[in-house]
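Worksheet for the structure shown next.
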Amino acid sequence: MFESATTRILHFAQDDDTSGFFPQLAKWHDRDRYLMYFGTLKPMAPWLRDYMLSNGVQCLSCGCKSRYEYPAGMLKLAAFLHRERIDILHTHLFEPSVIGLFAGVLARTDRRVMTRHYSDYHTRIHKTWHVRLDQLCTRMCDAVIAVSEHTATHMIGEESAPAHKVRVVMNGIDFERVKVSRSNAAAIRREFAAEDAYLLTIIARLHPEKGHSYLFRALPEIRRRIDRKLLLLVAGTGPFEAAYKREVESVGSSDMVRFLGYRHDAADLIAASDLLVLPSVAEAFGLVLAEALYIGTPVVATRVGGIPEIIDDGSDGLLVPAQDSGAIAQAIASLLNNSLLRIKMAGAGKDKVVGRFEFGQMMRSYEALYEQVTANA
């Protein structure tokens, strides 16, 4: 199947992947030119391993269950890189990039690329050593892919990343993956007894960076301003679930919120909703927003990071200041009370998304960069 592939590339990530990003890499990479491998720093999710293997992608899990095991994981990866004669190591996210790139140096893997999936998070929360490690990772790379202009600007301006190393390649969507069924969307509204209610959805990791608390605090004011029942669906997993449930109870909104955990039908959830909300404090890109625009659901999001590169404020969604529950309440209530504006916004962003955020287009940009670093090696 891969006889004509000449370049061996290993993508190295964390563990699980609820976004579908890495399976899409396996689906869309050019099999005639690249033999793809996939590795994880932590134990690999079984479903992800099965998918990769079924697509002809050889897998490696370093199996690290704590940071104490990272040195052993680094040596395991270095041995794999050397044994499989990997030509290009492509790392993703913070810890896999730190460990992976050091392994690449040990294994003398000459061509190293990193995708920076976050922007100013470490700087904003004053994690000085994390910032220094970010800078070190950039130095160990031939090229760094920034997922938004905001991310690139921050790296060059605040972290002194060499401008010639930084390439902006925005994340892409596999449109087959976000196809929706209107019957499924209707079934979701029935599932939550929301046929006659306004339905809001937030799909995000349960982490303070995503701004859930500001949305929860806005709920009483939203309820006061609208003319019918309101229900918020919270899809996602993370370590703050118990704390968030207590917070919802403390603001008197338990009857309005449902915590769903991970949902495989995220696209149908978006299609069933009147609005998708993403009140992030920091956001390098915000792929779920592009998915909502493609599906035809208006959004309310914060004006941070790469989000303004996706949402045209007032056209296909509303942007509000971060960490401002009052502004969130005002924006959501204004859209829920104006059905004509919601309908107008619903189809306004689809053509833009199709033109700018198609996964195959993103993959070809990745591969053009691989060719460049290979030629410069």
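Stokes-Einstein diffusion for the chain, with the hydrodynamic radius set to the Kirkwood value over Cα pairs and evaluated at 10 °C in a medium of 1.306 mPa s, equals 73 µm²/s. When every Cα-Cα distance of region 182-356 is counted in 5 angstrom steps from zero, the calculated P(r) takes the values 1, 9, 19, 23, 24, 16, 6, 1, 0 percent. Value of Rg to Rh for region 136-231, rounded to two decimals, is 1.17; Kirkwood radius and Rg both from alpha-carbon coordinates. For Lys229, the aspartates and glutamates whose Cα falls under 16 Å of its own Cα, not counting residues fewer than eight places away in the same chain, are Glu191, Glu195, Asp196, Glu221, Asp255, Asp274.
Of Ala301, Ala243, Ala348, the residue with the greatest mean-square motion in the GNM of the chain, using alpha carbon springs below 10 Å, is Ala243.
In this calculation the C-beta distance from Arg139 to Glu371 is compared with R0 = 22 Å, giving a FRET efficiency of 0.50. Under the simplified labelling scheme, the Ala72-Leu106 pair shows an inter-label distance of 1.3 nm, with each label point 7 Å from Cα along Cα→Cβ.
Between region 335-377 and region 92-143, the alpha-carbon centres lie 25 Å apart.
Pairs Lys27/Lys127; Lys27/Lys350; Lys179/Lys344; Lys76/Lys210; Lys179/Lys245; Lys210/Lys344: which are spaced more than 25 Å apart, C-alpha to C-alpha?
Numbers: Lys27/Lys127 36 Å; Lys27/Lys350 23 Å; Lys179/Lys344 21 Å; Lys76/Lys210 34 Å; Lys179/Lys245 31 Å; Lys210/Lys344 27 Å.
Check vs 25 Å cut-off fails for Lys27/Lys127; Lys76/Lys210; Lys179/Lys245; Lys210/Lys344.
Annotation: for a label point projected 7 angstrom from Cα along Cα→Cβ of Lys127, residues of region 283-314 with backbone N closer than 18 Å are 283-286, 305-306. So, counting K/R as plus one and D/E as minus one, what does the shell of residues with Cβ under 13 Å around Ser253 add up to? Surrounding charge for Ser253 is +3. Working note: Karplus 6.51/-1.76/1.60 with θ = phi - 60° gives region 43-59 the couplings x, 6, 4, x, 5, 6, 4, 4, 5, 4, 4, 5, 9, x, 9, 6, 10 Hz, where Gly and Pro are set to x. In this simple spin-label approximation, Ser315 and Glu191 carry label points 7 Å from Cα along the Cα→Cβ vector, and these lie 3.3 nm apart.
Just so you know, all these numbers are worked out from the coordinates, no wet-lab data involved. Quick caveat, the model's predicted, so the values are computed rather than measured. FYI the Cβ positions are ideal-geometry reconstructions off the backbone, even for glycines, and counts take in every protein chain you see.
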